[in-house]
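This report refers to the structure that appears directly beneath it.
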There are 2 protein chains.
Amino acid sequence: MTEPAEIFSSVEARTVYHKWEVKYEIKSPDCYKKLVITINGRSPGPTIFAQQGDTVFVELKNSLWTENVAVHWHGIRQLGTPWSDGAEGVTQCPILPGETFIYRFVVDRAGTYLYHGHYGMQRAAGLYGSIIVSLPEGVPEPFSYDYDQNIILNDWYHASTNEQAAGLSAIPFVFVGEPQSLLINGRGKYNCSLSTASGSAAGVCNTTNPECSPYSLTVVPGKTYRLRIGSLTSLSALAFEIEGHDMTVVEADGNYVEPFAIRNLYIYSGETYSVLVKADQDSSRNYWATINVVARNPATPTGLAIFNYNPNHPQKQPPTAPATGPLWNDTASRLAQSLAFRARQGFINKPPVTADRVIVLLNTQNKIDGHFKWSLNNLSLILPQTPYLVALKENLTGAFAQDPPPDGYDVANYDIHSLAENVNATSSNRIYRLRFNSTVDVILQNANSMTVKNSETHPWHLHGHDFWVHGNTAPLHPYGWTALRFRADNPGVWAFHCHVESHFYMGMGVVFEEGIEKVGELPSSIRGCGES
Amino acid sequence: MTEPAEIFSSVEARTVYHKWEVKYEIKSPDCYKKLVITINGRSPGPTIFAQQGDTVFVELKNSLWTENVAVHWHGIRQLGTPWSDGAEGVTQCPILPGETFIYRFVVDRAGTYLYHGHYGMQRAAGLYGSIIVSLPEGVPEPFSYDYDQNIILNDWYHASTNEQAAGLSAIPFVFVGEPQSLLINGRGKYNCSLSTASGSAAGVCNTTNPECSPYSLTVVPGKTYRLRIGSLTSLSALAFEIEGHDMTVVEADGNYVEPFAIRNLYIYSGETYSVLVKADQDSSRNYWATINVVARNPATPTGLAIFNYNPNHPQKQPPTAPATGPLWNDTASRLAQSLAFRARQGFINKPPVTADRVIVLLNTQNKIDGHFKWSLNNLSLILPQTPYLVALKENLTGAFAQDPPPDGYDVANYDIHSLAENVNATSSNRIYRLRFNSTVDVILQNANSMTVKNSETHPWHLHGHDFWVHGNTAPLHPYGWTALRFRADNPGVWAFHCHVESHFYMGMGVVFEEGIEKVGELPSSIRGCGES
């Protein structure tokens, strides 16, 4: 990994300004009407286009009625602006209804990034979008293409996020279940005949609503397209493919990778990739672009978009059946793709040879007072009332438990392949405090869940950093492990958590502090909750 | 109206302590499952029982996930504690998720009162309950009865409050419509065959769920019952009756009234009454207690409870058909009841002979930027980010517009019986500042809505005061007017608004300030939003 920002720092800094209003609106992303959190009337929200080195201002007005909000800029490292990370409870108080909050941060590196709600389960209500950071004027990408296109993937539930959270918090536990639809650029198609809603619910589902006509990507025969693909699913790991077209992966989470060809792109929540695809097939017809659920036994129909060869009609159905995707339980293929990523020649940023500290995190499903939870080394994260960043900077030692969580677990006596003998865990708001500029290894160890012969997939995402493996989100496969290395060189407080919306809600995360004494004066706008 | 608190102030003050947790839970109040805001797992929440002169502490923990909350103590005058009135935006900032807020207030007068959410439309989500204040030990009521029973009425919608608010805010406007059910003590019965929900919604409606078995009031033959009846409907004016039994009204909104007999008690949102009823009918059977919608063309089935003569089975159905109530559009009968209330002999607190100020408020339905609104003298209330109480006490003149709203309208040229020529209004956060201890008359003038030949019913509720007419809530009948008189003798800032949930949401309210300089030091807990 290089730091091109340093090379081109002499380029004049620009400012990208967005004014957003966040509110609830009735929308039909998959033809089924429900309340959606929109930004300026849209879900996904507006794409932020910026150039490397730009300063992005987002002036966000919360026009929800009774709900607070916070937005995280996923993949942006927030160098020098840890208070703009948007992680409620970690870096800021939530933004109250009627309030306007200004996020300000520098996009220091070209690449494909995301943004999304980071409060409660608001991301799943439709609060998400893309950030595209281009290279400075005149600087070429290390690969060539004709056009650039953004594709954001999601899964979609008809239950409100409050209903989902009510189930997750209930005794007995009610899981959110498999999503009703998969969305490509905010569009899916629910099979309305399954809904059988009538009476007062009549008109709830309407497959002829233009809001849910499939996204169509129009291509010119012979041209090469850079597809910037990001996933913000609540639950689903996806396989993305374009019928009859090979794809070449060139970027992962903002890092150039050694190009390699794939038919299916496996993509986990919180990941972004750039793939190159050439419109080199029979141009007399259109092709399906599809997403299918993998890693869980799918109960959700294929998500569809149209890869449209100009001048065919953009909504002309391809003559073929959409792909049903690879075998959902072919973990080996997914692991193979995870291991295939290599930093691109000429853009290699070698990791430190040794680590100063190794933290081993056992990923387990647990019970606390009868409630289902997820834990790391038996601690299930509950965020404090006072954001960690405020508490640490102001030395408010009563704001959270000061004793550190454990750096490991009893490896010798824990059988990750079996049901745990004791599923009890503890709620905790303890954090890992890292020595500034030290090198940290994190080993994530997956385990059997509370279900016999079941281990889930956990896409882990680290705020404020890249890590070596390949990006800032890495999938932890069933029964598997992943070792990550990162430099604790970004003063601030950073969440590290599973990107599955329900898993983080149920405590699957830890928090790292590093160099708090180097953090500048906190803006007063992040305060207003908890102790002060 | 007397002030017995002064008479018995030598009685030792007691403390009533409640610890509440407010959260969302799936409940079936009318047999139809939906998310309900509960207090300690219940909706309606726990009844607060206290004695005149007691200090009530409610330690309220907000365990909603992303929503703030505030609770108003309806009918409690908050003498000396205006910051405990619970009106978000007026007297406090909203309580954030995870936070605990302590309401502390003295219940200075015996009577029947209510509490409910006063933020967004949370009252309609089930956040409500009763306050029963008894006379001091040894002090007799001016009427006799054997037992005391609390009955709280509501209407109920299956759409979430966010869905309701989305419709009210939409262009075109989508009204919340008539409620699906009427609830007596939190129980109703929806006709599940109307729902035809199946597929993923199967099990949503279940009439055999014990949660929705009718409330049964067991009476002993020959005994007299004091029913303390309160209504917190979102929309509906109700007629309450007990089959075959006369009722005698003895209390209204905490004031003793000259007893009078009725068959139907007309009750509007925000009102409370005590009626005496004697179990003097054939005791071999049970009787229906019913509520029916009046003042709007009803589309909601009768709400049912069972008036159960001991020892019949409490759920034994009466052999008769439930009453369908009086004619919904018999405004004359309702007006007659409104005019029938007289303060009880021996408890008359005479109004000042003259008023120092007369404020005439024209009630109109309007449009602002295409959105439907309600206005007073063409101003539609929008609460400021900084609660008025904080803004006024701290002299934060930028927090709201400082120019006063008008004390009247162009009476000569406004035809209240016709559609307005110009329906435009203005959003405003201006307030009426009253001279402390002055006497204020408010004349509410109803008018035609934006629908031809339609004028709605508006139950107006004044915080922090009784007024002369009879209580602290008064119904404004279609095309009618009501004149109220009150003394501006309670230092603080007080909302005065239509108690229909959607009407207040759409701006139907004003705010009075009086004696702000006499308000004590504000607790820091009410702050944390807007300017400071």
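So the values come out like this:
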{"read-out": "Top positive-direction residue, dipole computed over region A:241-364 with Cβ charges, set A:Val257, A:Pro322, A:Ile359", "value": "A:Ile359"}
{"read-out": "Dipole in debye (nearest 20) - region B:141-349, about Cα centre, beta carbon charges: Lys, Arg +1; Asp, Glu -1", "value": "180 debye"}
{"read-out": "Note, ³J(HN,Hα) from phi for region B:486-498, Karplus 6.51, -1.76, 1.60, rounded to Hz, x at Gly and Pro", "value": "8, 9, 7, 10, 10, x, x, 10, 10, 7, 9, 7, 5"}
{"read-out": "Accessible carbon and sulfur surface of the protein assembly as shown relative to its total accessible area, %, 1.4 Å", "value": "51 percent"}
{"read-out": "Kirkwood Rh in Å, taken over all unlike Cα pairs in chain B", "value": "23.6 Å"}
{"read-out": "Entries in A:Lys61/A:Lys367; A:Lys393/B:Lys23; A:Lys34/B:Lys23; A:Lys189/B:Lys23; B:Lys27/B:Lys278; A:Lys61/B:Lys453 that, when Cα-Cα distance is taken, lie over 28 Å", "value": "A:Lys61/A:Lys367; A:Lys393/B:Lys23; A:Lys189/B:Lys23; B:Lys27/B:Lys278; A:Lys61/B:Lys453"}
{"read-out": "Residue-by-residue Karplus 3J(HN,Hα) for region A:137-149, coefficients 6.51, -1.76, 1.60, Hz, glycine and proline x", "value": "2, x, 8, x, 6, x, 8, 10, 7, 9, 9, 10, 9"}
{"read-out": "Area buried, chain B against chain A - accessible surface, total, 1.4 angstrom probe, square angstrom", "value": "2400 Å²"}
{"read-out": "Cα-Cα separations in region B:357-526 greater than 20 Å, expressed as whole percent", "value": "51 percent"}
{"read-out": "Cα gyration tensor category, rounded, prolate or oblate, for region A:224-337 with a/c compared to 1.5", "value": "oblate"}
{"read-out": "Helical mean residue ellipticity (222 nm; -39500 (n - 2.57) per DSSP H run of 4+; nearest 500) of the protein assembly as shown", "value": "-1500 deg cm²/dmol"}
{"read-out": "Amide proton proximity set for A:Ser380, modelled H, under 5 Å, gap of 5+", "value": "A:Thr426, A:Ser427, A:Ser428"}
{"read-out": "Rounded FRET efficiency, nearest 0.05, which uses the C-beta distance separating B:Gln281 from B:Phe143 and R0 of 35 Å", "value": "0.95"}
{"read-out": "Debye, to nearest 20: dipole size of chain B, +1 on Lys, Arg Cβ, -1 on Asp, Glu Cβ", "value": "780 debye"}
{"read-out": "Nearby aspartates and glutamates by direct alpha-carbon distance to B:Lys518 (threshold 14 angstrom, same-chain neighbours under 8 apart not counted)", "value": "B:Glu394, B:Asp489"}
{"read-out": "Whether region B:1-139 is rounded, prolate or oblate, judged on the alpha carbon gyration tensor where a/c under 1.5 counts as rounded", "value": "prolate"}
{"read-out": "Using a Förster distance of 35 Å, the FRET efficiency for B:Thr320-B:Gln345 (Cβ separation, nearest 0.05)", "value": "0.40"}
{"read-out": "Nearest-first distances (nm) between copies at B:Asp146, label 7 Å from Cα via Cβ", "value": "9.2"}
{"read-out": "Simple spin-label estimate for B:Ser438 and A:Lys61 in nanometres, 7 Å along Cα-Cβ", "value": "3.4 nm"}
{"read-out": "Long-range amide H partners of B:His18 with built H, under 5 Å", "value": "B:Phe57, B:Val58, B:Glu59"}
{"read-out": "Per DSSP, loop GluC sites (Glu not before Pro) in region A:49-110 with at most 12 further Cβ within 10 Å", "value": "none"}
{"read-out": "Shape of region A:141-349, Cα gyration tensor, a/c cut at 1.5", "value": "oblate"}
{"read-out": "Inter-copy separations for A:Ala401, label at 7 Å along Cα-Cβ, nm, ascending", "value": "5.3"}
{"read-out": "Projected-area average for the protein assembly as shown over all orientations - Cα convex hull basis, square nanometres", "value": "44.9 nm²"}
{"read-out": "Residue (of B:Ser283, B:Leu64, B:Thr47) at the positive-pole extreme of chain B, dipole from beta-carbon charges", "value": "B:Ser283"}
{"read-out": "Label point 7 Å beyond Cα along the C-beta direction, distances from A:Asn329 to other copies (nm, shortest first)", "value": "6.6"}
{"read-out": "For the protein assembly as shown, Cys with no neighbouring Cys Cβ under 4.7 Å", "value": "A:Cys498, B:Cys498"}
{"read-out": "Where trypsin sites (Lys or Arg not before Pro) fall in DSSP loop in region B:431-513, at most 12 other Cβ within 10 Å", "value": "B:Arg435, B:Lys453"}
{"read-out": "Residues of type aspartates and glutamates that B:Lys19 reaches as a straight line, Cα spacing below 12 Å, ignoring anything fewer than 8 places off in the same chain", "value": "B:Glu59"}
{"read-out": "For the protein assembly as shown, size of Cβ-based charge dipole, Lys and Arg +1, Asp and Glu -1, in debye", "value": "1320 debye"}
{"read-out": "Distance between modelled label sites at A:His313 and A:Ser524, nm, 7 Å Cα→Cβ extension", "value": "6.0 nm"}
{"read-out": "Overall dimensions of region B:345-451 as given by Cα atoms, namely Rg and Dmax in Å", "value": "16.7, 53"}
{"read-out": "Candidates per GluC sites (Glu not before Pro) in region B:429-532, loop by DSSP, up to 11 other Cβ within 10 Å", "value": "B:Glu521"}
{"read-out": "Neighbour net charge for B:His461 - beta-carbon separation under 10 angstrom, K R +1, D E -1", "value": "-2"}
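The values are calculated or read from the model by the stated rules, or taken from the named source; none is laboratory data. Treat the numbers as computed from the prediction; the structure is a model and nothing was measured. No Cβ is skipped: glycine too gets one built from the backbone with ideal geometry, and neighbour counts run over all protein chains shown. When the accessible area is computed, the model is the full protein with side chains, heavy atoms only, and any ligands, DNA or RNA have been set aside. Shrake-Rupley method; radii C 1.70, N 1.55, O 1.52, S 1.80 Å.
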